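Where a number appears in this text, it was derived from the coordinates with a stated rule and is not lab data. Predicted model, so just to flag it, every value in this text is computed and none were measured. Cβ: placed from backbone, ideal geometry, glycine included. Neighbour counts: every protein chain shown.
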Amino acid sequence: MEKNLTIIQQLLKPLNITIESINDISNIEIDRDELLSNFVQEQYDKIIPNCKELYNSARLTSLHGNKYDKQKFSSFNLLRQILKCNSYILVPKIICLGYSTKNGQKLIKRSYIIKHIQQPDFNK
């Protein structure tokens, strides 16, 4: 569990989010534009070798070598898949900022909230 926490801390560090324990990540809000930035993508590329040591790359497509060809948002997928392996999910949140005065188009801000999911008990 110690290594899982270290990987999650490394994934959240480029987003300026610091956590001390795995329980601290519940209800953290992550801005979508920040998550998809080039800086975050470059930092995640440096973290991937550490992720491959701990997680099975056959299961996590974001660790594959051809992820840029197959995935549109590889940094988002990496964070989502690592969190899901640790019983957390990214829940989308969309906030309406009003309408554009130029063309009347709706202005929105997209973000994600990290939520804990309960694992089903198969022993019953």
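Using the Cβ-Cβ distance between ILE117 and LYS72 with R0 set to 35 Å, the FRET efficiency from 1/(1 + (r/R0)^6) comes to roughly 0.90.
Neighbours of CYS96, meaning other residues whose beta-carbon lies under 10 angstrom from its beta-carbon, give a summed charge of +2 when Lys and Arg score +1 and Asp and Glu score -1. The modelled label-to-label distance between THR101 and ILE19, using points 7 Å beyond Cα along the C-beta direction, is 4.1 nm.
For the chain, the 222 nm mean residue ellipticity estimated from helices alone, with every DSSP H stretch of n ≥ 4 adding -39500 (n - 2.57) and the total spread over all residues, rounds to -11000 deg cm²/dmol. Other residues whose C-beta falls under 11 angstrom from the C-beta of LEU5 contribute a net charge of -2, scoring Lys and Arg +1 and Asp and Glu -1. Computed from Cα positions, the angle between helix 2-12 and the longest principal axis of the chain comes to roughly 20 degrees. Placing +1 on each Lys and Arg Cβ and -1 on each Asp and Glu Cβ, with no other charges, gives segment 1-45 a dipole about its Cα centre of roughly 140 debye. Farthest towards the positive end of the charge dipole of the chain, among the residues ILE30, PHE73, LEU54, is the Cα of PHE73, using unit charges on the Cβ of Lys, Arg, Asp and Glu. Given springs between every Cα pair under 10 Å in a Gaussian network model of the chain, which of LYS106, LYS72, LYS46 has the largest fluctuation? Answer for the Gaussian network model of the chain: LYS106.
Max-minus-min Cα coordinates of segment 2-116 on each principal axis give 51, 34, 22 Å, with the largest extent listed first.
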